[in-house]
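Enquirer: The structure follows.
The values are calculated or read from the model by the stated rules, or taken from the named source; none is laboratory data. Being a predicted model, the structure only gives us computed values, none of them experimental. Glycine also receives a Cβ, built like all others from the backbone with ideal geometry; neighbour counts cover every protein chain displayed.
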Amino acid sequence: MGRAFSEELDRMEDTLMWSASSDVPPLASVALAAPGLRVVIGSGGSFTVATALAAHECDSGLGIALALTPLQYVQRADKLPPHAALLISAEGKNRDILHAASKAFTVAASAKVLTFSSASPLTSLASQAPSARVFSFDPPWGRDGYLATNSLLASIVLGFRLRGSSVEAGPLVALLNLYRTTDKLDRIAAEVARTRRLLALHGTNGLIATVDLESKLSEAAFAFTQISDLRQFAHGRHIQLAREDAPVPVIAFISQHENALWHSTKEQVPAQVTVMECALPADQATATVAGLLIVMALVEKIASVLNQDPGQPVVPDFARRIHALDTSSLLPHPVGGSSNAKLAALEGSMTREAAAQAGVRFIDRLRNARFAALVLDFDGTLCETPRRFEGLDQRLEPIVIGLLKSGLTIAFASGRGNSLYDDLRKRLPNEIRAQCFLGCYSGSFVMPLTEAWPEIATDPQLTAIRDRLQALGILKERGFTLSARMAQLTIRSTKVDGIDILFTLCSSLVSELAGWRVFRSAHSVDILTPAAAKNSVVNFLGNRLQVDSLTEVCRIGDRGEQYGNDSELLAEGLGLSVDGVGTDSNSCWLFGESSSGPVGRAAHYLGSLIVKDGKAHFDERVLELWKQQLV
């Protein structure tokens, strides 16, 4: 249970005095005002701090600065111009800021951390980064409760001081006491409590107050808050005030720069709307702190009306689970500087050394494995995608035939059907076909190569979706071909750059169908019903051969990345990719020389298998080579 919100506000005077007078490094040694783009990163209450410091940097003429949440930074960092990063976190332990820090320490020209915890995962991470510098302060208030209060205020004041600005604490303490002990905020607080809505307007110096107000009212589940500057408000946001049955209360944070504009605006607001004007000083740094103090006093007033303490909320289990999600393991990672694509994919969530160690552990699993069967993707793995209709690559044909002759069982898990069946029947001799199986249409069904091609029926829902796509304009004359077979609908495009939007369209179309999935390859998009899964081919062989499908069946494919059509196949057991990789360190690894290409890598994998007594294992010399390539 968090500390009561009012108790936290009681500590504000000490916090202001402390943060305004504590020793900070001289500006020259901090070098926060170096030329170039600066990015300030924070989440939750720390995003208010990030917004304040970025705005102050721009308004003070120190340069261009952006305030970003950790997710925004992680997704944009590789495309930003050269930049310096400043990460804000009171306790330095939430997963979002740690993910952003890992990224910043990799791609930013320099990275700094402002925190109130000298012993935290964030400071530990920073200690391993040569370009990182930590500004850690020992605060007098201990820890914040549920909402960011004292740490937020102190972070902003200290951040201003690191950039050469200062605030006078005495008058600010008096301002907080004024709003806490008088009825100035009573009317607006009552309206917010009644309507559970608020329109927060601002000029230049009031922006930070509105950002923090939205944050606190949302995190406390008190009200929905809409933020707008005085003129954006005039572009449609003002029309909602015409509702006499449910007028939205308005609070405006105004400094003397906007007085004329604000009063001209206020004169036009309907009389039934409750309006609260909060005057701010002209100085940007002082105005920022003053606005935050007013916000905290207002939240306290609303809490009193609602008889709910925002410092001690009831947080439901689903909310805790959402907060605990780890973006470093859930977001795709672009290929970085590592020559190995798997290492590059993992470097967003772990150090280079930890990623290499995970690769070594995977190789050790391969060393101990004895495979009774292989499950192989076809297009892009055993043949080059542009030449997929020429069948099995000539480099691989003798290798596959040799493995079958040695007694190994092989199944092909492919999105294709009778065209693949016909090709393999032509290329593989009769005497070895009994050990060869096909998992066609992405595992919709599995059959021995010895049997005749069966009659198949298509799921009527797939036919309906195909017709719907055609009605939406996915037509042959526009470069698309649609093929519905059993539990799979494949849409091929003649334009590679159209696959991305085609995937998005198909995903939106089936998003509410339970168990349906959409996958992509370099040339097509597949919509699968719950009856189709490449893993069903693995399970079929495990049951038929009476072996463990996780340790005795080797899987090889090319599209192991998120939403790749081999991602499910390679995410379990001992799966090797020849191209795209996932972000799980325990699966879907890629080895060998990148110059060999996907089909060349498949030849390298299969050619490195040694078969004895019907079981295959990888050549020890090859495994050692793969280990060396990870270093």
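Enquirer: Filter segment 231-259 for residues that are without any contact (Cβ under 8 Å) to a residue 60 or more places away in the chain, farther than 21 Å from Ala285 by Cβ and surrounded by 15 or more Cβ atoms within 10 Å (Cβ to Cβ) and give the result.
Expert: Phe233, Arg237, His238, Leu241, Pro247, Val248, Val250
Enquirer: I'm trying to understand the selection: among the residues of segment 348-373, which are touching a helix residue (DSSP H, G or I) at 6+ places or on another chain (Cβ under 7 Å) and under 30 Å from Asn418 (Cβ atoms)?
Expert: Matches in segment 348-373: Ala372, Ala373.
Enquirer: Separate question: Among the residues in segment 181-198, are any buried (at least 21 other Cβ atoms within 10 Å of the Cβ), touching a strand residue (DSSP E or B) at 6+ places or on another chain (Cβ under 6 Å) and either in a loop (DSSP other than H, G, I, E, B) or free of Cβ contacts under 8 Å to residues at least 60 places away in the same chain (or both)?
Expert: yes
Enquirer: Based on this model, can you work out whether Leu428 counts as within 30 Å of Ser483 (Cβ to Cβ), within 41 Å of the chain's Cα centre (by Cα), surrounded by 15 or more Cβ atoms within 10 Å (Cβ to Cβ) and not assigned by TED's automatic domain parsing to the domain that holds Arg520?
Expert: When the stated conditions are applied, Leu428 does not pass them.
Enquirer: Also, I was wondering about something else. Can you pull out the residues in segment 607-631 that are of a type in the set (Val, Ile, Thr) and touching a Phe, Trp or Tyr at 6+ places or on another chain (Cβ under 8 Å)?
Expert: The one that is of a type in the set (Val, Ile, Thr) and touching a Phe, Trp or Tyr at 6+ places or on another chain (Cβ under 8 Å): Ile610.
Enquirer: Among the residues of segment 87-98, write down those that are under 20 Å from the mean Cα position of the chain (by Cα) and of a type in the set (A, V, I, L, M, F, W, C).
Expert: If the condition is that a residue be under 20 Å from the mean Cα position of the chain (by Cα) and of a type in the set (A, V, I, L, M, F, W, C), then Leu87, Ile88, Ile97, Leu98 are the ones that fit.
Enquirer: Residue pairs, Cβ under 7 Å, 6 or more apart or interchain, first in segment 377-391 and over 14 Å from Arg427 (Cβ atoms), second of a type in the set (Lys, Arg) and outside any helix (DSSP H, G or I). List them.
Expert: As it stands, the answer is Asp379/Arg416; Gly380/Arg559, since those pairs meet every condition given.
Enquirer: Another question, then. Do you know which of the residues in segment 504-552 that are touching a residue at least 24 places away in the same chain (Cβ under 8 Å) and polar (S, T, N, Q) is nearest to Ala484 (Cα to Cα)?
Expert: The extreme case among them is Thr529.
Enquirer: What is the one condition in (1) surrounded by fewer than 17 Cβ atoms within 10 Å (Cβ to Cβ); (2) hydrophobic (A, V, I, L, M, F, W, C); (3) in the same structural domain as Arg388 (by TED's automatic domain parsing) that Leu449 does not satisfy?
Expert: Among (1) surrounded by fewer than 17 Cβ atoms within 10 Å (Cβ to Cβ); (2) hydrophobic (A, V, I, L, M, F, W, C); (3) in the same structural domain as Arg388 (by TED's automatic domain parsing), Leu449 violates only (1).
Enquirer: Please go through segment 469-481 and give me each residue that is buried (at least 18 other Cβ atoms within 10 Å of the Cβ) and either assigned by TED's automatic domain parsing to the domain that holds Glu384 or of a type in the set (A, V, I, L, M) (or both), ordered by number.
Expert: Leu469, Ile474
Enquirer: If I ask for residues that are surrounded by fewer than 24 Cβ atoms within 10 Å (Cβ to Cβ) and in contact with an Asp or Glu (Cβ under 9 Å, 6 or more places away or on another chain), which ones from segment 525-540 would you list?
Expert: Within segment 525-540, Thr529, Ala531, Ala533, Asn535 meet the criteria.
Enquirer: Based on what the data block shows, is Glu267 of a type in the set (D, E, K, R) and without any contact (Cβ under 8 Å) to a residue 24 or more places away in the chain?
Expert: Yes; evaluated as a whole, the condition is true for this residue.
Enquirer: Shifting gears a bit: Regarding Glu390, is this residue more than 27 Å from Lys615 (Cα to Cα), touching an Asp or Glu at 6+ places or on another chain (Cβ under 9 Å) and at pLDDT below 95?
Expert: Judged against the criteria, Glu390 is a match.
Enquirer: Moving on. Considering every residue within segment 401-408, establish whether at least one is within 39 Å of the chain's Cα centre (by Cα) and among the small types (Gly, Ala, Ser).
Expert: no
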